[in-house]
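Participant: One structure, pasted below without further comment.
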Amino acid sequence: MNFKLQLIALLLCSTLTATVASAQWNSVQTLDATGNTGLYSSILYLNGYVMVAYSNNSSVDLKFIRSTNDTANNWISPITIESVGQTGRVPDMIEVSGRPAIAYYDATYKDLKYVRAADGNGSTWDTIRTVVSAGDVGGNPSMVIANGAPAICYFKGGTLDLMYVRATNGQGSVWGTPVTVASSGNVGIFSSMVIVDDNPAIAYFDNTNGEIVYVRANDANGTSWGTPVTVDVIGTGTANMDLSMKVVNGVPAIAYYDVTDKDLKFAYAANATGSSWNTPLTLASTSNTGKFPCLSVINGRPAISYYGRYNDLYYIRASNAVGSSWPTSSETVYSTGKVGAWSSITEVNDKGYISFLDVGKGDLLFINESAARSKPGRPTVVGVSQSEDGKVTMYPNPASSVLNIEYSQISEGAKVYLLDISGRLLNTEEIKAGSSGKISFDVSKLPGGTYFIKVKGADISFTEKFVKQ
């Protein structure tokens, strides 16, 4: 069962507010206004296009729409991917082998489903796959690329367990046997999965004990899982609850709604694997705020979009790369009507791009930053990215043919990884004898889009985004 559906009525009872525009953001765009649509959107930047997967709550279909360019000022007409029964619930879209792919819940058959586009821009779609169908399965899925293949964590109704399943190939046409990640109590109703230090890791809500919990797999495929770690105790209850996890400055981090204090919170791990965590930070606490947060890294800093106390879309970005310091107040991005629920945020050319729901009208909306903001502790030279300690310099960015990584004062044996936006490993180089040097990657044959360079060793942990033109 999808518990998020129960919350729409609560949101519709809120009071309308006046428009408060932020100069940092472009004008809002309505992407789809057909019926009650735009529920649970998932945004992705791939191959030079901004893409959004979402659910139409009137026709109960799985929908897709994309821009015609990276500025996202023009969009194609929406595409219906599946319309049989009540389908397309809570879609999560990522890149799978150069194409957009979506994991979602079929509420009619209570199945976990997966579909991948037949091309790089999502104009046509391949056969829809039923990944798991035993019982009520597939609620609130979260998908990553785990060791070269798509993998999904999801909620299993009835038994109230957190589950995980991985495809047996890189395209997701065949899937393996599901694995139970957590089963003590009511767990995993809200979850978010990322790749942490090469292995899949999941943040989830334990509604029995009222805890935000983190667990990481013991291997890259997710065959077995480690001991869960309690990140925070927030109390029980699912109203307005959600959480979002990303890797921030080399460590896992979670944005979430505190159901007891009704605050927006942020927690980040004390090490790269997430075996221990720092004390959570309260980012917004004024009168029931921080609902349905979505975490991303925008131009080198963690940033969160969320639904605030005045029924508006809010945004807050950390003051440093780690997320240990934040502004004292969030900014109102858009405030016409009841807007901002179930937002999804991604980075495009160092700027935040957000899809979100207009709860009052039932429309899918989109807004993006008009200009990139400053990056903490790094040079502002165009085309150059550098670690805060100055040990790693990457250029040019964007890159079209060759990407260079210069390093200094790094111990031998450190490795440099080239990853796609979903965390899939594309290439690896090892730093040889000598503490200084340069490594170059040929990126000429890569599709246009966003990628990552990761440098990891005994005395360095650095991850940076670059754009392939």
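Participant: Please work out if ASP242 is among the acidic types (Asp, Glu), buried (at least 21 other Cβ atoms within 10 Å of the Cβ) and either in contact with a helix residue (DSSP H, G or I) (Cβ under 9 Å, 6 or more places away or on another chain) or not assigned by TED's automatic domain parsing to the domain that holds ASP459 (or both).
Facilitator: yes
Participant: Could you tell me which numbered condition ASP111 fails, if it satisfies all but one of (1) in contact (Cβ under 8 Å) with a residue 12 or more places away in the chain; (2) within 27 Å of LEU426 (Cβ to Cβ)?
Facilitator: If we test ASP111 against (1) in contact (Cβ under 8 Å) with a residue 12 or more places away in the chain; (2) within 27 Å of LEU426 (Cβ to Cβ), just (2) comes out false.
Participant: Could you count how many residues in segment 419-469 are outside any strand (DSSP E or B), over 21 Å from the mean Cα position of the chain (by Cα) and of a type in the set (A, V, I, L, M)?
Facilitator: 5
Participant: Which residues, taken from segment 133-168, are out of contact with any Phe, Trp or Tyr (no Cβ under 9 Å at 6 or more places or on another chain), closer than 19 Å to LYS246 by Cα and β-branched (Val, Ile, Thr)?
Facilitator: VAL144, ILE145
Let's see how each residue does on (1) in a strand (DSSP E or B); (2) of a type outside the set (Ser, Thr, Tyr); (3) surrounded by fewer than 24 Cβ atoms within 10 Å (Cβ to Cβ):
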residue: TYR257; (1), (2), (3): yes, no, no
residue: PHE266; (1), (2), (3): yes, yes, no
residue: ALA272; (1), (2), (3): no, yes, yes
residue: SER275; (1), (2), (3): no, no, yes
residue: THR279; (1), (2), (3): no, no, yes
residue: THR286; (1), (2), (3): no, no, yes
residue: PRO293; (1), (2), (3): yes, yes, no
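Participant: Given the residues PHE356, PHE292, which is the only one that is aromatic (Phe, Trp, Tyr) and at negative phi?
Facilitator: Going through PHE356, PHE292 in turn, the sole match is PHE356.
Participant: Here is a follow-up. Would you kindly identify the strands (runs of 3 or more DSSP E) lying entirely within segment 169-253 that contain at least 1 residues that are in contact with a Leu (Cβ under 7 Å, 6 or more places away or on another chain) and of a type outside the set (Ser, Thr, Tyr)?
Facilitator: Output list reads 179-182, 187-196, 199-206, 211-216, 243-248.
Participant: Name the residues in segment 169-188 that are farther than 20 Å from LYS246 by Cα, in contact (Cβ under 8 Å) with a residue 40 or more places away in the chain and not polar (S, T, N, Q), would you?
Facilitator: Once the filter is applied, which keeps residues that are farther than 20 Å from LYS246 by Cα, in contact (Cβ under 8 Å) with a residue 40 or more places away in the chain and not polar (S, T, N, Q), segment 169-188 yields GLY170, GLY172, TRP175, PRO178, VAL179, ALA182.
Participant: Within segment 183-196, work out how many residues are within 22 Å of ILE145 (Cβ to Cβ) and touching a Gly at 6+ places or on another chain (Cβ under 8 Å).
Facilitator: Qualifying residue count for the region: 3.
Participant: Would you mention how many residues in segment 120-161 are part of a loop (DSSP other than H, G, I, E, B), under 18 Å from SER183 (Cα atoms), touching a residue at least 12 places away in the same chain (Cβ under 8 Å) and among the aliphatic types (A, V, I, L, M)?
Facilitator: Within segment 120-161, residues that are part of a loop (DSSP other than H, G, I, E, B), under 18 Å from SER183 (Cα atoms), touching a residue at least 12 places away in the same chain (Cβ under 8 Å) and among the aliphatic types (A, V, I, L, M) number 1.
Participant: Is it fair to say LYS468 is closer than 29 Å to ILE43 by Cβ, out of contact with any strand residue (DSSP E or B) (no Cβ under 9 Å at 6 or more places or on another chain) and modelled with pLDDT under 90?
Facilitator: Answer is no for this residue.
Participant: Quick one: how many residues across segment 229-274 are within 20 Å of the chain's Cα centre (by Cα) and either of a type in the set (Val, Ile, Thr) or under 30 Å from SER387 (Cα atoms) (or both)?
Facilitator: 24
Participant: Of all residues being on the phi > 0 side of the Ramachandran plot and not polar (S, T, N, Q) in segment 382-428, which is modelled with the highest pLDDT? Just the residue, please.
Facilitator: Here the answer is GLY413.
Participant: Now a separate question. Taking segment 36-56 only, how many residues are within 22 Å of the chain's Cα centre (by Cα) and either of a type in the set (Phe, Trp, Tyr) or within 15 Å of ASP363 (Cα to Cα) (or both)?
Facilitator: Count: 13.
Participant: What pairs come up if the first residue lies in segment 194-220 and is farther than 20 Å from LEU419 by Cβ, the second is polar (S, T, N, Q) and surrounded by fewer than 24 Cβ atoms within 10 Å (Cβ to Cβ), and their beta carbons are under 7 Å apart, counting only those six or more places apart or on different chains?
Facilitator: ASN207/ASN186; ASN207/THR236; ASN207/THR238; THR208/ASN186; GLY210/THR236; GLU211/THR230; VAL213/THR230; ASN218/SER224
Participant: Here is a further query. Taking the stated definitions as given, is GLU412 outside the structural domain of ASN140 (by TED's automatic domain parsing) and acidic (Asp, Glu)?
Facilitator: yes
Participant: Being more than 23 Å from SER191 (Cα to Cα), in contact (Cβ under 8 Å) with a residue 40 or more places away in the chain and touching a Leu at 6+ places or on another chain (Cβ under 7 Å) narrows it down to one of TRP326, TRP342, so name that one.
Facilitator: Matching residue, one of TRP326, TRP342: TRP326.
Participant: Residues in segment 200-213: is at least one small (Gly, Ala, Ser), crowded, with 21+ Cβ neighbours inside 10 Å, closer than 18 Å to ALA267 by Cα and within 21 Å of the chain's Cα centre (by Cα)?
Facilitator: yes
The values are calculated or read from the model by the stated rules, or taken from the named source; none is laboratory data. Bear in mind that the values here come from a model prediction, so they are computed numbers and not experimental data. With ideal geometry, Cβ positions are generated from the backbone for all residues, glycine too; neighbour counts draw on all protein chains shown.
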